[in-house]
Amino acid sequence: MRPDATNARHGQLADLELRHRRRARCEDRIRCAKDTGLANLPLHDVAQNQIWLEIVALACELLT
């Protein structure tokens, strides 16, 4: 078996395609979370920032 761009030694092409799609979905959700407000913590108190992160998580769930 010849090496390919993924450095995978075994597996079907469909398996590799699925792995790449899952990774792309994960990266898309991370980008979306950063755009929604995860990129910065605007408040000074830890408890307030925890609330901010919960709001960001809720917004991401609504978007997906």
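The values are calculated or read from the model by the stated rules, or taken from the named source; none is laboratory data. Given the structure is predicted, the values throughout are model-derived calculations rather than measurements. For neighbour counting, all protein chains shown are included, and Cβ atoms are generated from backbone atoms with ideal geometry for every residue, glycine included. Ligands, DNA and RNA are excluded from the accessible area calculation, which covers all protein heavy atoms including side chains. Shrake-Rupley method; radii C 1.70, N 1.55, O 1.52, S 1.80 Å.
Heavy-atom accessible area with a 1.4 Å probe sorts ASP45, ASP35, largest first, into ASP35, ASP45. Take GLU54: with every protein chain present and a 1.4 Å probe, its accessible area is about 130 Å².
A viscosity of 0.692 mPa s and a temperature of 37 °C, combined with the Kirkwood radius over Cα pairs in Stokes-Einstein, give a translational diffusion coefficient for region 10-59 of 256 µm²/s. Label-to-label distance for ARG29 and ALA14 is 2.4 nm, based on points extended 7 Å past Cα in the beta-carbon direction.
Among the protein heavy atoms, those of CYS26 account for about 60 Å² of accessible surface (1.4 Å probe, every chain in place).
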